[in-house]
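Okay, structure first, notes after.
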Amino acid sequence: KQEVTQIPAALSVPEGENLVLNCSFTDSAIYNLQWFRQDPGKGLTSLLLIQSSQREQTSGRLNASLDKSSGRSTLYIAASQPGDSATYLCAVIGGGTSYGKLTFGQGTILTVHP
Amino acid sequence: NAGVMQNPRHLVRRRGQEARLRCSPMKGHSHVYWYRQLPEEGLKFMVYLQKENIIDESGMPKERFSAEFPKEGPSILRIQQVVRGDSAAYFCASSPRGQGVEKLFFGSGTQLSVL
């Protein structure tokens, strides 16, 4: 059974810092890995998607890497801003399926203070 | 192009009542997924549906819960005889295809509170 773990559970940083969020998964046979952002009372917004054959993806100040063999992914946020404050979720599709049956981590609650 | 629409946003029910949650996928999407987020827990997959078919319901509780996605109209998640433990945020997501799916598009969720 796939399990996804995110570390740290919560992170508070001053504006402008670069930061790294970690995600690990127990079964390396994944189809893809996605990073989402969840704002309070709102749905999930997909940030980055990494296919199992890829090593990293970048979008603006965000960079996500994937090491499938070790079961790890990191989300790097450069020059953090107060607007980045949210819960960040890592999720994988695997277990022999390639449809949208995601296994989520518990999330990292990020607070960026001015 | 409107996103995934869920209603109601908030639903309050008393124990023993029925809850019906609705989800309209994005235009052109025929694959719908329901997820549940219990307090202090992560999001958990419940069910995957295509039009008129349940493809994977491995995450659905065996009793009281059912889901449908009719040929016409929204997908419905139905919870009969609700209990306090059903209180959670229920999210719907959609995609344009099944196998080989990439991004899922999520709705804003329905917050169910059982009194």
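The values are calculated or read from the model by the stated rules, or taken from the named source; none is laboratory data. For clarity, every value in this text was computed on a predicted model and none was experimentally measured. Cβ placement follows ideal geometry from the backbone for every residue including glycine, while neighbour counts extend to all protein chains displayed. We work out accessible area using only protein heavy atoms, side chains counted, and drop any ligands, DNA or RNA first. Shrake-Rupley method; radii C 1.70, N 1.55, O 1.52, S 1.80 Å.
Would you check if there is a residue in segment A:61-69 being over 12 Å from the mean Cα position of the chain (by Cα), of a type outside the set (D, E, K, R) and open to solvent by 40 Å² or more (accessible area, probe 1.4 Å)? If you could, list the steps in order and put the result at the bottom.
Here is the first cut: in segment A:61-69, the ones over 12 Å from the mean Cα position of the chain (by Cα) are A:61, A:67-69.
When the remaining residues are screened for being of a type outside the set (D, E, K, R), the result is A:69.
Going one step further and asking which of them are open to solvent by 40 Å² or more (accessible area, probe 1.4 Å), we end up with A:69.
So far as segment A:61-69 goes, yes, one or more of its residues are over 12 Å from the mean Cα position of the chain (by Cα), of a type outside the set (D, E, K, R) and open to solvent by 40 Å² or more (accessible area, probe 1.4 Å).
Identify, from the list B:LEU21, B:LEU43, the residue that is closer than 26 Å to A:GLY105 by Cα, hydrophobic (A, V, I, L, M, F, W, C), open to solvent by less than 10 Å² (accessible area, probe 1.4 Å) and facing another protein chain (nearest Cβ under 9 Å). Talk me through it step by step, then tell me what you get.
Details: B:LEU21 fails: facing another protein chain (nearest Cβ under 9 Å).
From the options B:LEU21, B:LEU43, the qualifying one is B:LEU43.
Please go through segment B:78-115 and give me each residue that is open to solvent by 40 Å² or more (accessible area, probe 1.4 Å) and facing chain A (nearest Cβ under 10 Å), ordered by number. Give the derivation first.
Looking only at segment B:78-115, we keep the residues that are open to solvent by 40 Å² or more (accessible area, probe 1.4 Å), and these are B:78, B:80-81, B:83-85, B:96-97, B:99, B:102-103, B:105, B:108, B:111, B:113, B:115.
Within segment B:78-115, B:ARG97, B:GLN99, B:GLU102, B:LYS103, B:PHE105, B:SER108, B:GLN111 meet the criteria.
Does B:SER75 satisfy the condition of being of a type outside the set (Val, Ile, Thr), within 25 Å of A:GLN34 (Cβ to Cβ) and open to solvent by less than 30 Å² (accessible area, probe 1.4 Å)? Break it down into steps so the answer makes sense when it comes.
On the way: of a type outside the set (Val, Ile, Thr): yes; within 25 Å of A:GLN34 (Cβ to Cβ): yes; open to solvent by less than 30 Å² (accessible area, probe 1.4 Å): yes.
For B:SER75, the condition - of a type outside the set (Val, Ile, Thr), within 25 Å of A:GLN34 (Cβ to Cβ) and open to solvent by less than 30 Å² (accessible area, probe 1.4 Å) - is met.
Can you tell me which of (1) open to solvent by less than 60 Å² (accessible area, probe 1.4 Å); (2) touching a residue at least 24 places away in the same chain (Cβ under 8 Å) is the one B:PHE65 doesn't meet?
Unmet condition: (2).
Criterion first (small (Gly, Ala, Ser) and farther than 17 Å from A:LEU44 by Cα) does B:GLY109 satisfy it? Steps first, please.
Working: small (Gly, Ala, Ser): yes; farther than 17 Å from A:LEU44 by Cα: no.
No; evaluated as a whole, the condition is false for this residue.
In the list A:ARG55, A:ARG61, A:ARG37, A:ARG72, which residue meets the criterion of being basic (Lys, Arg), touching a residue at least 40 places away in the same chain (Cβ under 8 Å) and more than 14 Å from chain B (Cβ to nearest Cβ)?
Matching residue, one of A:ARG55, A:ARG61, A:ARG37, A:ARG72: A:ARG72.
Test B:LYS51 against the stated conditions and say whether it is open to solvent by 70 Å² or more (accessible area, probe 1.4 Å), touching a Pro at 6+ places or on another chain (Cβ under 9 Å) and basic (Lys, Arg).
On the way: open to solvent by 70 Å² or more (accessible area, probe 1.4 Å): yes; touching a Pro at 6+ places or on another chain (Cβ under 9 Å): yes; basic (Lys, Arg): yes.
Judged against the criteria, B:LYS51 is a match.
Could you tell me which numbered condition A:GLY94 fails, if it satisfies all but one of (1) at pLDDT 95 or above; (2) small (Gly, Ala, Ser); (3) surrounded by 17 or more Cβ atoms within 10 Å (Cβ to Cβ)?
(1)
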